[in-house]
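Structure, as structure tokens:
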Amino acid sequence: MQFFSIIRIVGILVMCFSFTMLVPATVALIYGDGGGRAFLEAFALNFMVGTLLWWLCRDNKNELRSREGFLIVVLFWVVLGLLGAVPFIILENPDLNVAESIFESFSGLTTTGATVITGLDSLPKAILFYRQFLQWLGGMGIIVLAVAIIPLLGIGGMQLYRAEMPGPLKEQKMRPRIAETAKALWLIYLSLTILCAVAFWLAGMTVFDAISHSFSTVSIGGFSTHDASIGYFNNAAISYITVFFLLLSACNFALHFAVIDRIRDAQSRKKGVF
């Protein structure tokens, strides 16, 4: 077992994750709700932890096997859940203890949908966005995103991909290279998110609520920015849109990819005729 190589890669993944803290920090800056400092501190802490793990094992670049890939995924999700709790611990609103903060973080990243937070309607926009964003990252799996990036660093991604992806999908490589498959998955995921957000906005949500709920809808996580969830809007169109995108997001993404490929092939044949 290549333990030092495993720690090195976990460190790189944690460094990648640390930059996600800058997104809610930007939201805090836009809305001026005072939560930006907590997310910047969380970014600094996460980046330092990741850098330390990488630096201590930087010379270990041995080839990984499948069992090491599984261990990396397990370790990374555990570390991610713990580090994702940092903003909840630092922020005074909501006032969560360490256990509650860790619970909220793991619930978001695993798209479980359970929460210990009440009074969502009175919380700062940044923390509301962060909860939704955690679910969005966990929905497809930040590991799959990392697989698209780490080959640039000279690290093989196949073991991580096979360890992270669910049963049938891992055998359906939709592109010749595994990094291209990961990028294709995230492109589909991002496209569904954008379409869902636009649909929510057209149905009457604010831009903030539309983006936030698109995160939790496409990830099938269920978090909301309101205590009453979708019922807060009392809007049938929003309910139908939610159901529609939940069904789309629940489909095998290889199926989405196959449909897109078939449409492209049909368009190419038409161009060839004319």
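What to note about this one:
- Apart from one condition, Ile117 fits all of (1) surrounded by 16 or more Cβ atoms within 10 Å (Cβ to Cβ); (2) without any contact (Cβ under 8 Å) to a residue 40 or more places away in the chain; (3) under 27 Å from Ile6 (Cα atoms); the exception is (3).
- Restricting Phe47, Phe43, Phe70, Phe103 to residues that are buried (at least 19 other Cβ atoms within 10 Å of the Cβ) and either among the charged types (D, E, K, R) or in contact with a helix residue (DSSP H, G or I) (Cβ under 6 Å, 6 or more places away or on another chain) (or both) narrows the list to Phe43.
Residues checked against (1) within 19 Å of the chain's Cα centre (by Cα); (2) in a helix (DSSP H, G or I):
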site: Ala199; (1), (2): no, yes
site: Ser214; (1), (2): yes, yes
site: Ile220; (1), (2): yes, no
site: Gly231; (1), (2): no, yes
site: Ser239; (1), (2): no, yes
site: Ala254; (1), (2): yes, yes
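- Count of residues meeting criterion [closer than 20 Å to Leu120 by Cβ, loosely packed, with under 13 Cβ neighbours inside 10 Å and not hydrophobic (A, V, I, L, M, F, W, C)] in the range 213-265: 2
- The listed residues are Leu169, Leu145, and the only one of them that is at pLDDT below 50 and surrounded by fewer than 23 Cβ atoms within 10 Å (Cβ to Cβ) turns out to be Leu169.
- Residue check, Arg8 in a helix (DSSP H, G or I) and charged (D, E, K, R): yes
The values are calculated or read from the model by the stated rules, or taken from the named source; none is laboratory data. Everything quoted here is computed from the prediction, not taken from an experiment. Cβ coordinates were reconstructed from backbone atoms using ideal geometry, including for glycine residues, and neighbour counts include every protein chain displayed.
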